Amino acid sequence: MDTLLKDIRYGVRNLLKRPGFTLVVIVTLALGIGANSAMFSAVNAVLLRPLPYPDSEQIVLFEGVNPGKGITDSNMSVPDLADWQQQNQVFEQMAGFVTGGSLLVSNDETERVRGTGVTADFFPLFRTRAIKGRTLQPDDSQKGRESVVVLSHALWQRRFGGDENVVGSKVTISGKSTTVVGVMPAGFDYPERSELWVPFPIDAVAERRDNRYISVITRIKPGVTLPQAQAEMEILNQRLAQTYGETNSGWSVRLTNLRESLVGTTRSALLILLGAVAFVLLIACANVANLLLARASVRQKEIAVRTALGASRSRIIRQLLTESLLLSTIGGGIGLLLSLWLTRLLIKVSPENTPRFDEIRPDARVFAFTLALAVITGLIFGLAPALQASRINLNERLKEGGRSGTTGAGHNRVRSLMMVSEIALSFMLLVGAGLLIKSFIRLSDVSPGLNTENTLTMRTSLSKYPAGEPRVQALRQLLERLKGLPGARSAGAVLSLPLGGDTFNVGRSLIREGRPATPEESSNAAYLAATTDYFRTLQIPLVSGRVFTEQDTEQTPKVVIVNETMARQLWPGESPVGKRITIWRDEKFAREIVGVVGDTKPSLDTEAGPQMYVPFNQDSGWSGMSLVIRSSGDPATIVAAARNEIRTFDKAIPVYNVKTMNDVLSTSVGPRRSPMLLLSAFAAVALLLATIGIYGVTAYNVTQRTQEIGIRMALGAQMTDVVKLILKNGMALALLGIGVGVAGAFLITRLLRVLLFGVQATDGPTFVAVSLGLLFTALIACYIPARRATKVDPLVALRYE
């Protein structure tokens, strides 16, 4: 321990003697370690940290699948849920839930909140108790019982001010007087950041088996693996398909660990970015190693003296590694502080509601990672210089007049290796960033099927108006008021916005006229109730036929509009206008197709599926609708006026999710934009570090060859000859680094496929462009010291030591 303390004190004195060198190294390491610590904080919160429920790894989510119909993520039906509960042998609990919006009224204030209806086993499945009151009980859903609700901790704090007496108080939820019976602990907000939970009564006898609208979550029994549970569900579903062939044929479920279902594609993006930022740190280590090699050449006489006084080579290596670890530890400490700011920046540039990003915070695992990274980093950049510096010719270094600044071939080989490594790693990052940028440009060029400019959207609920003519008239009058706003050009409403603007989506099955009403003949399509001016407001093109009119009422023949994809799939080579469909099992009458409109995308990177629109006048059972208003200018300027107009019309009508269609579009591409921006930033830092490294190596080589350059110039070498000599060495290393980088990029970029759109992972133009750009950068970095070398006075150079 005493020896270690002496090494530390000696190392501190040495570092303080060269504050410029020390500052550059610490800042470089702090940036690299801080960025890695920030990315690891995200990976830790999203991928490593268990969910905040006891034994959360046993919780599994069901997703309905029907490969024959191309369905991969359907909900389930209540009768199927009841059969699974009764017949399975591998689950402790199985619960159903339905998510949606609820209108919460308390203290005369109306607010739309995220509410979830849950079956009796929901809270026991999560094994999480209420911090106040109780959770929902099985008899809460029985007929005749008073309505009860459990609040989330966030809603309790925000809306009720953390009132200790909230349990037992009365609130109104979606028009029904309800008693608060409990408050859940902070962090419990499943599913979809729910703010309240109400009982969801189910009646397996009364429900249709093909009415798939409920989500199912389960807890596997201890000792049962996910594949075993999946195998049992396959057997149960085969049995149901044999018994209920008309509704269950071809249907099964896919079991997914709850954490995996929440993370989704975020896993790939996070791991790719963590790998990218690790590359940046390796490049920083290579730069620092080159600095240490240059510094070691200056200290060779010092090391020779210590060796002559009896210090062993291992003792010299330990001292040099101690200094490296001091640098990395200080850099790691500053990097940890920097990571707190970088983490906030990461959250800010990430898409809204990225799963588990609200849980990102430093913990013991993050501190341990940063400490380990600092130690490993110190060893990585310190070991090679220490080994090189300790390998000296003692007699040569102690000779009077021995040049303390010269280095052997070993030093140069190591420095060249570092330079090649920096260029190769930078090339791989630049190619990855280039692919993502090109992919994003391709994605941005995709037409969403509508005009997002100058359009304001907002969600509202007309639940206080009875379905039918009262609700139709209320929406018509509301839209007329909005159309009359100064700056407004048109207004409409739709059940669910395109481009993922709403999380509420409805799918329905249909049968073409003349086809038998069987599962084999049914087709699935997105179902959208819309008002007459909806298509004009969003400028969705009419391909053939007509759009809805005010004459399409409940009393007139029922009509429907389909999109191009649905027309092409169901009536290939012919016009569907005039043909008739029946919305299977939901409607007992046929609807005539009166028009075909262009496709609107669920997201820019997803192909539009079949879509059908019905007039809201003919299906007003939907209380929640999205309003769209096209303005003559910036839609943000009419937000306040639109709110006031709706409040004047009826102050009980809630308004929420106010945003422009450009905001919706931006959110839609957010999952691709964020990795592109982050990887581009990492690549830019890597390029800067590599450029500094190339310049540093070339400049150092020029310094070491000053006498040789002087001799060449004294013998008649021209300036161009000297420049060529320096550039030849530097560009040779650059070409070697790019060659290694190309080979590495062909392997690494395949991991990016999940983030690419319209671009191959081995896109030739991107590889060529990055190669040329990196070569040009290396040329500039080599040319500057080469040009300076030509300014050397031969007489001065011949006396240089």
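The values are calculated or read from the model by the stated rules, or taken from the named source; none is laboratory data. These figures come from a predicted structure and were not determined experimentally. Glycine also receives a Cβ, built like all others from the backbone with ideal geometry; neighbour counts cover every protein chain displayed. Side chains included, ligands, DNA and RNA excluded: accessible areas come from the protein's heavy atoms. Shrake-Rupley method; radii C 1.70, N 1.55, O 1.52, S 1.80 Å.
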Listed by chain and number, the lysines with an alpha carbon less than 29 angstrom from that of K728, same-chain partners under 8 positions apart left out, are K791
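Going through the cross-link list K601/K651; K170/K464; K176/K221; K176/K558; K143/K651; K69/K176, which pairs have a Cα-Cα distance over 30 Å in this structure? Working shown, then result.
On the way: K601/K651 34 Å; K170/K464 19 Å; K176/K221 38 Å; K176/K558 33 Å; K143/K651 32 Å; K69/K176 39 Å.
Too far apart for the 30 Å limit: K601/K651; K176/K221; K176/K558; K143/K651; K69/K176.
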Over segment 256-364, with a single point scatterer placed on each C-alpha, what log10 of the ratio I(q)/I(0) does the Debye formula yield at q = 0.10, 0.13, 0.16, 0.19 1/Å?
-0.52, -0.72, -0.89, -1.10
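Between T243 and L271, how high is the FRET efficiency from 1/(1 + (r/R0)^6) when r is the Cβ-Cβ distance and R₀ = 56 Å? Nearest 0.05.
Numbers: r = 44 Å, r/R0 = 0.78.
Once rounded, the FRET efficiency stands at 0.80.
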With every protein chain kept in place and a 1.4 Å probe, the residues L16, L436 fall, from largest accessible area down, as L16, L436
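Tally up the carbon and sulfur contribution to the accessible surface of the chain as a whole percent, 1.4 Å probe, everything protein left in place. Write down the numbers at each step before the final one.
On the way: 20580 of 35820 Å².
Of the solvent-accessible surface of the chain, carbon and sulfur hold 57 percent.
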Place a point 7 Å from the Cα of T556 along the Cα-to-Cβ direction; which residues of segment 513-538 have their backbone N under 12 Å from it?
532
Among S496, V770, L155, which residue has its Cα positioned farthest towards the positive end of the charge dipole of the chain, with +1 placed on the Cβ of Lys and Arg, -1 on the Cβ of Asp and Glu, and the dipole taken about the Cα centre?
V770
Cβ charges +1 (Lys, Arg) and -1 (Asp, Glu), total dipole of segment 406-526, debye:
280 debye
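Please give the net charge around S680, taking every other residue with its beta carbon less than 15 angstrom from that of S680, where Lys and Arg add +1 and Asp and Glu add -1.
Values: positive: K438, R672, R673; negative: none.
Net local charge, S680 excluded: +3.
By average Cβ neighbour count within 10 Å, what is the ranking of 282-295, 571-584, 372-385 from highest down? Don't jump to the answer; show the numbers that get you there.
On the way: 282-295: 24.4, 571-584: 15.6, 372-385: 20.4.
The densest-packed peptide leads the list: 282-295, 372-385, 571-584.
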Return the aspartates and glutamates within reach of K438: Cα separation strictly under 20 angstrom, same-chain partners fewer than 8 residues apart disregarded; answer none if there are no such residues.
D605, E607, D763
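If you average 1/r over all unlike Cα pairs in segment 510-601 and invert the result, what Kirkwood radius do you get in angstrom?
Numbers: mean 1/r = 0.0723 Å⁻¹.
Result for segment 510-601, one decimal place: 13.8 Å.
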Taking only protein heavy atoms into account and a 1.4 Å probe, give the accessible area per residue of the chain in Å².
45 Å²
Pick out, from I316, L346, Q228, the residue whose Cα sits farthest towards the positive end of the charge dipole of segment 227-374, with +1 on the Cβ of Lys and Arg and -1 on the Cβ of Asp and Glu.
I316
Across 5 Å bins beginning at 0, the whole-percent shares of Cα-Cα pair distances in segment 1-132 come to 2, 7, 8, 10, 10, 11, 9, 7, 6, 5, 5, 5, 7, 6, 3, 0
With r as the distance between the Cβ atoms of R546 and D203 and R0 = 60 Å, compute the FRET efficiency 1/(1 + (r/R0)^6) and round to 0.05.
0.90
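For the pair V375 and L48, what calculated FRET efficiency results from E = 1/(1 + (r/R0)^6), where r is the Cβ-Cβ distance and R0 = 22 Å, to the nearest 0.05?
Working: r = 20 Å, r/R0 = 0.93.
Rounded to the nearest 0.05, the efficiency is 0.60.
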Per q in 0.20 Å⁻¹, report the Debye log10 I(q)/I(0) for segment 412-513, using one uniform scatterer on each alpha carbon and no solvent.
-1.16
Could I have the simple spin-label model distance between R356 and N107, label points 7 Å from Cα toward Cβ, reported in nm to one decimal?
3.6 nm
Could you check what % of the DSSP bridge pairs in the chain are antiparallel, to the nearest 5?
80 percent
Taking the Cα centre of segment 459-555 as the origin, how large is its charge dipole in debye, to the nearest 20, when only Lys and Arg (+1) and Asp and Glu (-1) carry charge on their Cβ atoms?
360 debye
So how much slack lies between R365 and T565, counting 0.36 nm per residue of separation and subtracting their Cα-Cα distance, in nm?
67.0 nm
Taking a quarter of the surface of the convex hull around the Cα atoms of segment 160-296, what do you get in nm²?
17.8 nm²
Those aspartates and glutamates that a straight Cα-Cα span of less than 19 Å connects to K6, excepting residues fewer than 8 apart in one chain:
E302, E323
May I ask you to rank D363, D445 by accessible area, largest first, using a 1.4 Å probe over the protein chains only?
D445, D363
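Ignoring everything except DSSP H segments at least 4 long, calculate the 222 nm mean residue ellipticity for the chain; use -39,500 (n - 2.57) per segment, divide by total residues, nearest 500. All intermediate terms of the calculation are to be shown ahead of the outcome.
Values: 24 runs with 390 residues, N = 801.
Calculated at 222 nm, the ellipticity per residue is -16000 deg cm²/dmol.
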Within segment 766-793, whose backbone N sits under 17 Å from a point 7 Å along Cα→Cβ of R442?
766-770
In debye to the nearest 20, the charge dipole size for the chain, taken about the Cα centre with +1 at each Lys and Arg Cβ and -1 at each Asp and Glu Cβ, equals 3560 debye
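Once the cut-off is 15 Å, how many percent of the Cα-Cα pairs in segment 159-202 end up in the long-distance tail? Before the final figure, lay out the partial values.
Values: 486 of 946 pairs.
Above the 15 Å cut-off, segment 159-202 has 51 percent of its Cα pairs.
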Simple spin-label estimate for Q142/T503, 7 Å along Cα→Cβ, in nm, reads 3.3 nm
Ignoring ligands and nucleic acids, Y613 exposes an accessible area, probe 1.4 Å, in Å² to the nearest 10, of 0 Å²
